[in-house]
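Participant: What follows is a single structure, and I will ask about it in a moment.
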Amino acid sequence: MAKSTFMYAIKVSLPTEDKDASVKQLITDIKNNVPAAGYRQVTNQLKEMGLSINHKRVLRIMRELNLLSSAFNKKKNKYNSYKGKVGTVAVNRYNRRFMTDRPYQKLTTDITEIRWGKQTTNECAYFTCIYDLFSGEVISYAMSSHPTVEFAVNVLKDAIKQIPKCLGYRTTVHSDQGFHYQNKQWVKVLKDNRMFQSMSRKATYLDNAPMESFFHIMKSEVYYQRKFDSLEEVADTITRWIEYYNHTRTKTKLGGKSPINYRILTTQKVA
């Protein structure tokens, strides 16, 4: 018998260890903390831990463990705040050009509906935020039982407080044509702070695709995962998730970094 044949026979006859055992445990721990995490997020988090691993291997293991995410399969309801031309309708300055290499240069916003309570007493709340297209960071946000103009304007004001004064360029804030964004209060805050206003075309959701995508991620990872019995419970859960999203949740297009880490590292390199 050839030596190579003999060694092969010995090898296959011996019990083999699961080479993926340690990785499986890490993946299980990540999924326990973030049940909605997909294989790309899990891969990025493993790399953040210092593990060199291919996303295809992670996908295979998650499939074996039945840990693939199904959170993003649910259809979403769209809140529509359009009430016709009730104020200023701005031009579309983005025209779906969402890329930017500078933080706070291109911002976007919208309002989405959150339902809570039992099926027989389903109630509504509303969530809005200011979202930076540079890093995907949520700069400011709020929830309310009523989607008033003040509700949207106050979130804009909160975001402006966090934007550095000496950027060297002007900020543009994009939205749909909802009545909040046509209102003179919204327009005045932008003008007072030397910000450009931009609006999607009527009933063209792709003109604000990044905002729609963020809402879908948020609802899939938080809202669709459980039932809520009170507005306070919804607000607390979303607040904790946004903290995780900004500081911890990684994105492949950000080089496996979280939004805030990406902004900090990028601005440090420029400086």
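Participant: For segment 177-208, give me each residue that is of a type outside the set (Gly, Ala, Ser), part of a loop (DSSP other than H, G, I, E, B) and in contact with a helix residue (DSSP H, G or I) (Cβ under 6 Å, 6 or more places away or on another chain).
Facilitator: Step one: filter segment 177-208 for residues of a type outside the set (Gly, Ala, Ser), giving 177, 179-197, 199, 201-202, 204-208.
Keeping just the survivors that are part of a loop (DSSP other than H, G, I, E, B) gives 177, 183, 193-195, 201-202, 204.
Asn183, Asn193, Arg201 - these are the residues of segment 177-208 that are of a type outside the set (Gly, Ala, Ser), part of a loop (DSSP other than H, G, I, E, B) and in contact with a helix residue (DSSP H, G or I) (Cβ under 6 Å, 6 or more places away or on another chain).
Participant: Further question: Condition (residue is surrounded by fewer than 19 Cβ atoms within 10 Å (Cβ to Cβ) and at pLDDT below 95) applied to segment 188-201: is it met by at least one residue?
Facilitator: Looking through segment 188-201, at least one residue is surrounded by fewer than 19 Cβ atoms within 10 Å (Cβ to Cβ) and at pLDDT below 95.
Participant: Pick out, from segment 1-58, the helices (runs of 4 or more DSSP H) lying fully within it that include 2 or more residues that are closer than 16 Å to Arg249 by Cβ, modelled with pLDDT of 70 or more and out of contact with any Asp or Glu (no Cβ under 7 Å at 6 or more places or on another chain). Full working, then the answer.
Facilitator: Working: elements: 3-13, 21-33, 39-48.
In segment 1-58, the matching helices (runs of 4 or more DSSP H) lie at 21-33, 39-48.
Participant: Can you tell me which residues in segment 27-52 are surrounded by 17 or more Cβ atoms within 10 Å (Cβ to Cβ) and either farther than 23 Å from Ile217 by Cβ or small (Gly, Ala, Ser) (or both)?
Facilitator: Ala36, Ala37, Gly38 - these are the residues of segment 27-52 that are surrounded by 17 or more Cβ atoms within 10 Å (Cβ to Cβ) and either farther than 23 Å from Ile217 by Cβ or small (Gly, Ala, Ser) (or both).
Participant: Ok, one more. So if I check each of Glu232, Glu212, which one is touching a helix residue (DSSP H, G or I) at 6+ places or on another chain (Cβ under 8 Å), of a type outside the set (S, T, N, Q) and part of a helix (DSSP H, G or I)?
Facilitator: Working: Glu232 fails: touching a helix residue (DSSP H, G or I) at 6+ places or on another chain (Cβ under 8 Å).
Criteria check complete, one pass: Glu212.
Participant: Another question, then. Report yes if Tyr224 is in contact with a strand residue (DSSP E or B) (Cβ under 7 Å, 6 or more places away or on another chain), assigned by the TED database to the domain that holds Glu113, of a type in the set (Phe, Trp, Tyr) and surrounded by 13 or more Cβ atoms within 10 Å (Cβ to Cβ), otherwise no. Write out each step before concluding.
Facilitator: Working: in contact with a strand residue (DSSP E or B) (Cβ under 7 Å, 6 or more places away or on another chain): no; assigned by the TED database to the domain that holds Glu113: yes; of a type in the set (Phe, Trp, Tyr): yes; surrounded by 13 or more Cβ atoms within 10 Å (Cβ to Cβ): yes.
Against the criterion (in contact with a strand residue (DSSP E or B) (Cβ under 7 Å, 6 or more places away or on another chain), assigned by the TED database to the domain that holds Glu113, of a type in the set (Phe, Trp, Tyr) and surrounded by 13 or more Cβ atoms within 10 Å (Cβ to Cβ)), Tyr224 does not qualify.
Participant: Only one residue in Ala125, Ala159 is small (Gly, Ala, Ser), in contact (Cβ under 8 Å) with a residue 24 or more places away in the chain and closer than 26 Å to Gln268 by Cα. Which one?
Facilitator: Working: Ala125 fails: closer than 26 Å to Gln268 by Cα.
After applying the criteria, what remains is Ala159.
Participant: For segment 156-169, does any single residue satisfy the condition of being at pLDDT 95 or above, of a type in the set (A, V, I, L, M) and within 30 Å of Phe228 (Cα to Cα)?
Facilitator: Checking segment 156-169: at least one residue is at pLDDT 95 or above, of a type in the set (A, V, I, L, M) and within 30 Å of Phe228 (Cα to Cα).
Participant: Okay, moving on. Which residue is farthest from Lys219 (Cα to Cα), if the candidates are limited to segment 123-173 and must be outside any loop (DSSP other than H, G, I, E, B) and among the charged types (D, E, K, R)? Walk me through how you get there before you give the answer.
Facilitator: Going through segment 123-173, the residues outside any loop (DSSP other than H, G, I, E, B) turn out to be 123-132, 138-144, 149-162, 172-173.
Among the residues that remain, those that are also among the charged types (D, E, K, R) are: 123, 132, 150, 157-158, 161.
On the way: Glu123: 16, Asp132: 19, Glu150: 24, Lys157: 25, Asp158: 23, Lys161: 27 Å.
Filtering segment 123-173 for residues that are outside any loop (DSSP other than H, G, I, E, B) and among the charged types (D, E, K, R), the one farthest from Lys219 (Cα to Cα) comes out as Lys161.
Participant: In segment 139-152, how many are surrounded by fewer than 19 Cβ atoms within 10 Å (Cβ to Cβ) and either under 14 Å from Phe179 (Cα atoms) or of a type in the set (Val, Ile, Thr) (or both)?
Facilitator: Matching residues across segment 139-152 total 5.
Participant: Mind listing whichever residues of segment 249-271 are in a loop (DSSP other than H, G, I, E, B), touching a residue at least 40 places away in the same chain (Cβ under 8 Å) and either surrounded by fewer than 18 Cβ atoms within 10 Å (Cβ to Cβ) or of a type in the set (Val, Ile, Thr) (or both)?
Facilitator: Thr250
Participant: Out of all the residues in segment 88-103, is one or more on the phi > 0 side of the Ramachandran plot and modelled with pLDDT of 80 or more?
Facilitator: We begin by selecting, within segment 88-103, every residue on the phi > 0 side of the Ramachandran plot; these are 95-96.
From what is left, the residues that are modelled with pLDDT of 80 or more are 95-96.
Yes, segment 88-103 has at least one match.
The values are calculated or read from the model by the stated rules, or taken from the named source; none is laboratory data. The shown structure was predicted, so the numbers you read here are calculated from the model rather than taken from an experiment. Neighbour counts run over all protein chains shown; Cβ positions are idealised from the backbone, glycine included.
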